[in-house]
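Asker: Here you go, one structure.
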Amino acid sequence: MRILVGLTGASGHPVAVEFLKRCPAPDKFLVCSKWGRTVLADETGLGPDDLAPHVRKVFSDDDLFAPFSSGLTPLDALIIVPCSVTTLGKIAAGIGDTLITRAAQVQLKERRRLILALRETPLSSIALEAALKLSRDGAMIVPLSPPFYTHPKTLADTVGDMADKLVQALGFPAAKAWNAAALE
Ligand SMILES: Cc1cc2nc3c(=O)[nH]c(=O)nc-3n(C[C@H](O)[C@H](O)[C@H](O)COP(=O)(O)O)c2cc1C
């Protein structure tokens, strides 16, 4: 499976880092928006180059010559984590002026998987309408919302749970069973 992971300037980068570590897709690529790089550094102390060991290659968000700007390049999924409401709004408006937004445009037109791990609260009507529009167009809206029914003991548990949810959204089996005894 080939995936492109886009990091934007919303909060939630510890989840993005954990997702990159946990996602078993063999062919992973990374792109960070300008504000994605800033908030990544602020929240984790890391830069895109520190994440390079978890991916095949890191692309610049300015690089519209990157292969993922074209539908000719096979891409099973684009996952934007965390996804800002700015990037959400741009994608919903059909704007593709960065590699992240252009790759999202391509996924939509080619009817391929697009996952938006949205992070903002509260959500304006504008953001909700944009999310609904994209959901109706086939995108999967997966807000970064922490589960508590898994009984996390630490913040690292919560971050891991949210990262696992994104791995599952890509079609990989769930990392944890829940109430499996009730199936018997
Ligand atoms: C520390 C920090 C935290 C932010 N958190 C959020 C957030 O959680 N959600 C959001 O939509 N925008 C957030 N923003 C604002 C975005 O970074 C800003 O709108 C930016 O233009 C997004 O651009 P991008 O989507 O191209 O990365 C945050 C900005 C900073 C500096």
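The values are calculated or read from the model by the stated rules, or taken from the named source; none is laboratory data. Since the structure is predicted, the reported quantities are computational estimates derived from the model, not experimental observations. In this analysis, Cβ positions are derived from the backbone assuming ideal geometry, glycine residues included, and neighbour counts consider all displayed protein chains.
Asker: So, in the stretch 126-154, how many residues would count as being of a type in the set (G, A, S) and farther than 16 Å from I91 by Cα?
Answerer: Going through the stretch 126-154 one residue at a time, the tally reaches 1.
Asker: Can you name every residue in the stretch 112-126 that is among the basic types (K, R) and within 12 Å of the ligand (Cβ to nearest atom)?
Answerer: R119
Asker: Then there's this: Between L78, L108, which is under 16 Å from the mean Cα position of the chain (by Cα) and away from the ligand (no atom under 15 Å from the Cβ)?
Answerer: Matching residue, one of L78, L108: L108.
Here's the yes/no breakdown for (1) near the ligand (Cβ under 10 Å from one of its atoms); (2) surrounded by 14 or more Cβ atoms within 10 Å (Cβ to Cβ):
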site	(1), (2)
S84	yes, yes
G94	no, no
T98	yes, yes
T101	yes, yes
L132	no, no
M140	no, yes
Y149	no, no
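Asker: Another question about this same structure. Going by the conditions given, is D50 acidic (D, E), on the phi < 0 side of the Ramachandran plot and in contact (Cβ under 8 Å) with a residue 24 or more places away in the chain?
Answerer: Criteria not met by D50.
Asker: Further question on the same structure: Using beta carbons and a limit of 6 Å, which pairs, at least six apart or on different chains, have the first residue in the stretch 116-136 and within 15 Å of T86 (Cβ to Cβ) and the second one of a type in the set (S, T, Y) and surrounded by fewer than 18 Cβ atoms within 10 Å (Cβ to Cβ)?
Answerer: Listed pairs, sorted by first residue: R119/S11.
Asker: Would you say A169 is at pLDDT 95 or above and within 21 Å of E43 (Cα to Cα)?
Answerer: Here the answer is no, as A169 does not meet what is asked.
Asker: Among the residues of the stretch 40-51, count how many are closer than 27 Å to Q105 by Cβ and crowded, with 16+ Cβ neighbours inside 10 Å.
Answerer: 3
Asker: Quick check: anything in the stretch 20-39 under 12 Å from the mean Cα position of the chain (by Cα), in contact (Cβ under 8 Å) with a residue 40 or more places away in the chain and within 24 Å of A175 (Cβ to Cβ)?
Answerer: The answer is yes, given that some residue of the stretch 20-39 is under 12 Å from the mean Cα position of the chain (by Cα), in contact (Cβ under 8 Å) with a residue 40 or more places away in the chain and within 24 Å of A175 (Cβ to Cβ).
Asker: Additional query: Out of the stretch 14-39, which residues are near the ligand (Cβ under 10 Å from one of its atoms) and either buried (at least 24 other Cβ atoms within 10 Å of the Cβ) or modelled with pLDDT under 95 (or both)?
Answerer: C32, S33, G36
Asker: Right, something else. Collect the residues in the stretch 52-74 that are of a type outside the set (S, T, Y), surrounded by fewer than 22 Cβ atoms within 10 Å (Cβ to Cβ) and within 19 Å of A139 (Cβ to Cβ), keeping them in residue-number order.
Answerer: Within the stretch 52-74, G71, P74 qualify.
Asker: Six or more apart or on different chains, Cβ atoms under 8 Å: show the pairs whose first residue is in the stretch 75-101 and within 24 Å of A25 (Cα to Cα) and touching a residue at least 60 places away in the same chain (Cβ under 8 Å) and whose second is more than 11 Å from the ligand (Cβ to nearest atom) and among the aromatic types (F, W, Y).
Answerer: Once the first residue is within 24 Å of A25 (Cα to Cα) and touching a residue at least 60 places away in the same chain (Cβ under 8 Å) and sits in the stretch 75-101, its partners that are more than 11 Å from the ligand (Cβ to nearest atom) and among the aromatic types (F, W, Y) give L75/F68; L78/F68; I79/F19; V81/F19; L99/F59; L99/F68.
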